[in-house]
Amino acid sequence: MKPDLERFLTARLDEITAEVVHEISIRVPAYTHVRAGAVGTLVRDAVSAYLGARDKAAVLDSFRVLGAGEARAGHDIHHFETAMRTGARVIIRRTANAAARLYPPTAEYITVMETAFSAEHEIVKAAVDGARATAVTVRGA
């Protein structure tokens, strides 16, 4: 990705994180306890991974660990997945707005959005896979 998009989003990580927390608390009542401090690192990791600033494999591993922790805590996987997708939608919306501002609809813009949607799928899948794998282990124990 272009460095200007990365700088633009990185400069707004706190407000993006606040928006993620707000949207999750509205859409997933089971997650109204989520706070910006807990979500900030996840948002930063997700944004930096799909912008190419960080190793995607390491970020996906951290989301698998998150999912496993949610399963160990006994949280409903459907609530967890909805929360993950809600956060991803906020990040994609913010990325789309930034990309449209920096790259009026062109091939660059389309590439940014394709990458964002691919990353959303991979990140949510990693988190849900971690939750499912751990839930099976916890139930079987």
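Any read-out appearing in this document is the output of simple, stated calculations on the displayed coordinates, not a laboratory observation. All figures in this text were calculated on a predicted structure; none of them were measured in a lab. FYI the Cβ positions are ideal-geometry reconstructions off the backbone, even for glycines, and counts take in every protein chain you see.
Most mobile of ALA98, ALA116, ALA107 per a Gaussian network model of the chain (Cα springs, under 10 Å)?
So, out of ALA98, ALA116, ALA107, the one fluctuating most is ALA107.
In whole Hz and in residue order, list the ³J(HN,Hα) couplings for segment 83-95 that follow from phi through the Karplus curve 6.51 cos²θ - 1.76 cosθ + 1.60, θ = phi - 60°; x for Gly and Pro.
With the stated coefficients, segment 83-95 comes to 4, 5, 5, 5, x, 5, 4, 4, 5, 5, 4, 5, 5 Hz.
Just want the answer: with Cβ charges of +1 for Lys and Arg and -1 for Asp and Glu, which residue in VAL47, THR32, VAL65 is farthest toward the dipole's positive end in segment 1-107?
The one lying farthest along the dipole's positive direction is VAL47.
For segment 49-65, in order, what is each residue's ³J(HN,Hα) by Karplus, 6.51 cos²θ - 1.76 cosθ + 1.60 with θ = phi - 60°, in whole Hz (x at glycine and Pro)?
My calculation for segment 49-65 gives 5, 7, 8, x, 7, 9, 5, 5, 4, 5, 5, 4, 4, 5, 6, 5, 4 Hz in order.
Can you list the residues, at least 5 places off or on another chain, whose amide H is less than 5 Å from the amide H of VAL34, using H built in the peptide plane?
It is none; the list stays empty.
Averaging over every viewing direction, what projected area does the convex hull of the Cα atoms of the chain cover, in nm²?
7.9
Need one number for segment 1-56: average projected area of the convex hull over its C-alpha atoms, nm².
Mean projected area of the Cα convex hull: 3.9 nm².
I'd like the orientation of helix 107-140 relative to the chain: the angle between its Cα long axis and the longest Cα principal axis, in ° from 0 to 90, rounded to 10.
Long axis of 107-140 versus the principal axis of the chain: about 10 degrees.
Can you give the charge dipole size of segment 33-141 about its Cα centre, rounded to the nearest 20 debye, using +1 on the beta carbon of Lys and Arg and -1 on the beta carbon of Asp and Glu?
Taking the Cα centre of segment 33-141 as origin, the dipole is about 260 debye.
Can you give me the Cα centroid spacing of segment 90-141 and segment 1-67 in angstrom?
Each part reduced to its Cα centre gives a spacing of 10 Å.
Could you calculate the FRET efficiency of GLU114 with ASP76 from 1/(1 + (r/R0)^6), where r is the beta carbon distance between them and R0 is 25 Å, rounded to 0.05?
About 0.20, to the nearest 0.05.
Looking only at ALA49, ALA18, ALA73, which one moves most when the chain is put into a Gaussian network model with springs between Cα atoms under 10 Å?
ALA73
If you place +1 on the Cβ of every Lys and Arg and -1 on the Cβ of every Asp and Glu, how big does the dipole about the Cα centre of segment 1-82 come out, in debye to the nearest 20?
140
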